[in-house]
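Visitor: Below is the structure I would like to discuss, written out as structure tokens.
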Amino acid sequence: MRGPSLRQYLLEALLRAAVPLVGVSLLVAGVLGVVSFGVLPMVDAMRSRQWLPVEARLEWVRAEPAAPMRIRPLPAIRVSYQYSYGGADYVGRRTDLHHGLNTPAAVARRLSEVRESEPLVAWVNPAAPEQAMLDRSIHVAVVVLALPSALLALVGGLAVFLGMVAWNDWRLPRTLARPDSLPPPATQRPLEPPRY
């Protein structure tokens, strides 16, 4: 009887180890993308509907290019502004629901709007006045990034599933299918009625 070949062992090791590890990585990256590009902005949009407008004074504003290695696939606006609420002064740094991420054209447009608007309107959380943002609108181009992330999570989930299936002994069914490898039939005694 000839055993499994080296190629079969390597394929089995690949399926059992590498595919699940890659799958978990893709699954985690996809879920993080869906949460950060889709879920969190929507949650913040609902929360910020109760926020109040106040006047703000711009300290500085700049555009930062996309940095895929730092998990920022789009350019972003960074800003600092001062505002007052309830007799106290605060410094805000949040631009919008997406933390400044947007398409290059939208970033350039928003940058000129912020520079030309004086005074700015900041939206302040009355329950926590240190939380503020300049724009409460949802940027569809950023939310759409949740779709490739969801696809990435799906591919990762399938890879994890394939790895789990590979952990089962897939040689066992072939071994049991050969007639000479079947165990002898077990003899069973008939059940006896219980004695009282």
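Visitor: Any idea what angle helix 104-116 forms with the longest principal axis of the chain, computed on alpha-carbon atoms, 0 to 90 degrees, nearest 10?
Guide: 30 degrees
Visitor: Helix 146-167: angle to the longest alpha-carbon principal axis of the chain, degrees 0 to 90, nearest 10?
Guide: Computed tilt is about 20 degrees.
Visitor: Using per-residue counts of other Cβ atoms within 10 Å, averaged over each peptide, order 17-29, 40-52 from highest down.
Guide: For the peptides 17-29, 40-52, the packing ranking is 17-29, 40-52.
Visitor: Listing L154, L97 from the residue with the fewest other Cβ atoms within 10 Å to the one with the most, what is the order?
Guide: Going from least to most buried by this count: L154, L97.
Visitor: What distance in nm separates the simple spin-label points at V24 and A45, each placed 7 Å from Cα in the Cβ direction?
Guide: Modelled inter-label distance: 3.5 nm.
Visitor: Then there's this: As I understand it, the value is the acute angle between the Cα axis of helix 19-34 and the longest principal axis of the Cα atoms of the chain; what does it come to in degrees, rounded to 10?
Guide: For 19-34 against the chain, the angle is about 30 degrees.
Values in this text are rule-based calculations from the coordinates and carry no lab data. Here the structure is a predicted model, which is why all the values come from computation and not from measurement. When we count neighbours, we look across all protein chains shown, and the Cβ atoms used for this are built from the backbone with ideal geometry, even at glycine.
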